[in-house]
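Below is one structure, written out as structure tokens; comments come after it.
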Amino acid sequence: MFCFQCQETAKGTGCTLKGVCGKTENVANLQDLLIYTLKGIAIYAVQARERYLVRKDVDQFIMESLFSTITNANFDKERFIKRIQAALELREDLKQALIRVGGTIPENLQDAATWTGTPEEFEGKAALVGILTTENEDIRSLRELLTYGLKGMAAYAEHAYTLQHQDAGIFAFIEKALVATLDDTLEAGDLVALVLEAGKHGVDVMALLDKANTTTYGNPELTKVNIGVRNNPAILISGHDLKDLEELLIQTEGTGVDVYTHGEMLPAHYYPAFKKYEHFVGNYGNAWYKQDKEFDTFNGPIFLTTNCLVPPKDSYKDRVYTTGVVGFEGVKHIPDREDGKAKDFSALIEHAKQCPPPTEIETGEIVGGFAHNQVLALADKVVDAVKSGAIKRFFVMAGCDGRMKSRDYYTDFAKALPQDTVILTAGCAKYKYNKLNLGDIGGIPRVLDAGQCNDSYSLAVIALKLKEVFGLEDVNQLPISYNIAWYEQKAVIVLLALLYLGVKNIHLGPTLPAFLSPNVAKVLVENFGIAGITNEEDDLKIFMA
Ligand code: FS2
Ligand code: SF4
């Protein structure tokens, strides 16, 4: 195996024996083979599109498959074997459909579009198609950067799709870009152009998801979220999927079972549609990587709707349920919706009734709900505070949290920030500073949480609005600095989206991606001013200069 797609990759270079995330060698290899086969499907899909043959099942399959290979989503070997088998069948089906509409199949097609094999042969094949088969390190770096951007894009597209929002342009780009990663005639410059184009579609997909979420559940609003517990049996829901949450809240209503959020599900509390549920009690715990302790003390069943799943400990494994693209061998899985019917959570609810209430690990409240609509409602106040000098600078500290000790930097940085600065956050990165009680500036909290990682889009909307209000030509003239923490591939598409919007001088940490070759990193540094982090004191001097 060779995987270097996330920030915690072994030795900062690549996981080769087993993933730091817990991914086994065979799952890593099968994921490589799945991606390779998707590229083969994409070869036909691009041609089919040229003939106005657009297959929704193909778009959906590619999207879900990419999503399933994101860090901490799916660790289940059997699920990947089945998915590759389904990919081979779908590829053949699409090829035949293409022929039927007059498409001609060239003789010298890429192996990704023609290979076939039995499950016993999959791992042997996987060894021939992994990341390291691209020898030129810059081409490899750009191909992987693009692929990880596509994975993030697919994840967000999937959430929007679940809420019946889709954009054909996003699927068309995903398929075009997948084909491009196989094309040996493309040079580094061509791939850089595609990476930047991915940023444009990154903005599109986050805007689409924002629209899907806000038209379905209302605009997030200023909300105090309880972090203590009540004395009822309860279900803990984690991940990013709001539709799963909605159906769970409906089915648990009146059963005596409470519902709490964990990790990236916290921002669900900010949506008006979920406030009516009296049994939607609060948020339990912190970011994803603390689940090995927090799932233990929660006592009740835990429901993972998306990443980040950590391989469960035996002490609570029988209480973990997955759904959608998430999976782990031996863990119960809630099947997908069929015929427009809701998912069936009865087993989860019955399980909860047999469990003791959660053990309290914290008390109090946290404040959030500062997505674009809420911040723009406060725009006059914010603009006045900037004009009067009460707010000197905003710090976008969005992205991910993670296990590494080096991430304490973000807590230290938040603490070291001058009192006249405000943090704009989104994603699970917030847990590094959302309980610090950093106070407020004239009623504006010093940590403004927009929501999940995809709600980084909200932060961009806020920046663009401020640019307009202050009559500036360039978003970089605003008193906003970007100190972003990344971990997995959704952060990659968020970064590419920010670059597309023209944001410069983003600091990225705790380490730069291992998949950036020195030359590719140089392109990002020279053209966009991307930089790493050092320590809070020195970085603060740079930001405040
Ligand atoms: Fe956090 Fe994990 Fe949101 Fe990432 S819960 S690092 O996948 O998607 O952010
Ligand atoms: Fe390693 Fe990250 Fe890949 Fe897991 S996802 S195998 S930790 S690089």
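The values are calculated or read from the model by the stated rules, or taken from the named source; none is laboratory data. Source: prediction; values computed, not measured. Every residue, glycine among them, receives a Cβ derived from its backbone with ideal geometry; neighbour counts consider all protein chains shown. These area figures cover heavy atoms from the full protein model, side chains too; ligands, DNA and RNA do not enter into them. Shrake-Rupley method; radii C 1.70, N 1.55, O 1.52, S 1.80 Å.
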Inset, instruction - Find the Rg to Rh ratio for segment 388-482, where Rh is the Kirkwood radius over alpha-carbon pairs and Rg uses the same atoms. - result: 0.97
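Would you mind working out the accessible area per residue for segment 12-155, using a 1.4 Å probe, and quoting it in Å²?
Values: 5960 Å² over 144 residues.
Computed with neighbouring chains in place, this is 41 Å² per residue.
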Legend entry - Simple label model, 7 Å out from Cα along Cβ direction - Thr359 to Glu187, nm: 6.2 nm
Legend entry - Highest average packing first - 274-287, 420-433, 196-209, Cβ atoms within 10 Å: 420-433, 196-209, 274-287
Legend entry - q = 0.16, 0.22, 0.25, 0.28 Å⁻¹: log10 I(q)/I(0) that the Debye formula gives for segment 384-425, counting C-alpha atoms only: -0.48, -0.75, -0.88, -1.00
Legend entry - Extension gain, Gln85 back to Asp412 (0.36 nm per residue minus Cα-Cα distance, nm): 112.9 nm
Legend entry - Principal axis box of segment 321-393, alpha-carbon based, largest edge first, Å: 58, 37, 22
Inset, instruction - Could you tell me, in Å, what Rg and Dmax come out for the Cα atoms of segment 205-318? - result: 13.8, 40
Legend entry - Helix runs (DSSP H) in the chain reaching 24 Å along axis by Cα, Kyte-Doolittle at least -1.0: 25-50, 77-100, 137-162, 188-217
Inset, instruction - Report, to two decimal places, the Cα Rg of segment 191-271 normalised by 2.2 N^0.38 Å (N = number of residues). - result: 1.43
Legend entry - Percentage, to the nearest whole number, of Cα pairs in the chain over 40 Å apart: 21 percent
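Could you work out what % of the accessible surface of segment 289-401 is carbon and sulfur, using a 1.4 angstrom probe and leaving DNA, RNA and ligands out of the count? Show your work: numbers first, answer last.
Values: 2360 of 4830 Å².
Its accessible area is 49 percent carbon and sulfur atoms.
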Inset, instruction - Pop a pseudo-label 7 angstrom from the Cα along the beta-carbon direction at both Arg100 and Gln477 and give the gap in nm to one decimal. - result: 5.7 nm
Legend entry - Accessible area per residue, Å², segment 451-492 with all protein chains present, probe 1.4 Å: 31 Å²
Legend entry - Given Lys23/Lys125; Lys176/Lys504; Lys290/Lys541; Lys200/Lys343; Lys432/Lys490; Lys465/Lys504, the pairs whose alpha carbons are separated by over 23 Å: Lys176/Lys504; Lys290/Lys541; Lys200/Lys343
Legend entry - Whole-number accessible area per residue in Å² for segment 269-373, which is evaluated in the context of all protein chains at 1.4 Å: 41 Å²
Inset, instruction - Rounded to the nearest Å, what's the spacing between the alpha carbon centres of segment 5-27 and segment 250-328? Just the number, please. - result: 26 Å
Inset, instruction - Only helical DSSP H runs with n ≥ 4 go in: add -39500 (n - 2.57) per run for the chain, normalise by residue count and round the 222 nm mean residue ellipticity to 500 deg cm²/dmol. - result: -14500 deg cm²/dmol
Inset, instruction - Note down the nm distance, to one decimal, between modelled labels 7 Å out along Cα→Cβ at Glu537 and at Ala168. - result: 5.9 nm
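With r as the distance between the Cβ atoms of Val367 and Ser346 and R0 = 35 Å, compute the FRET efficiency 1/(1 + (r/R0)^6) and round to 0.05. Provide the component values of the computation, followed by the final result.
Values: r = 35 Å, r/R0 = 1.00.
Result of the calculation: an efficiency of 0.50.
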Legend entry - Per-pair calculated FRET efficiency, R0 = 56 Å: Glu107 and Ala273 via Cβ, rounded to 0.05: 0.55
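Report in % the part of the accessible area of segment 1-137 that belongs to carbon and sulfur, leaving out ligands and nucleic acids; probe 1.4 Å. List each step's numbers first, then the result.
Details: 3070 of 6140 Å².
Taking all protein chains in place, segment 1-137 shows 50 percent carbon and sulfur surface.
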Inset, instruction - Rounded to the nearest 0.05, what FRET efficiency do Leu464 and Glu221 give with R0 = 25 Å and r taken as the Cβ-Cβ distance? Could you check? - result: 0.75
Legend entry - Whole-Å semi-axes of the ellipsoid equivalent to segment 31-146 (Cα gyration tensor, √5λ, descending): 23, 17, 15
Legend entry - Centre separation in Å (Cα based) which lies between segment 493-517 and segment 64-78: 24 Å
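Which percent, nearest 5, of DSSP beta bridges in segment 373-457 are antiparallel? Please list the in-between numbers first.
Numbers: 2 of 9 bridges.
In segment 373-457, approximately 20 percent of DSSP beta bridges are antiparallel ones.
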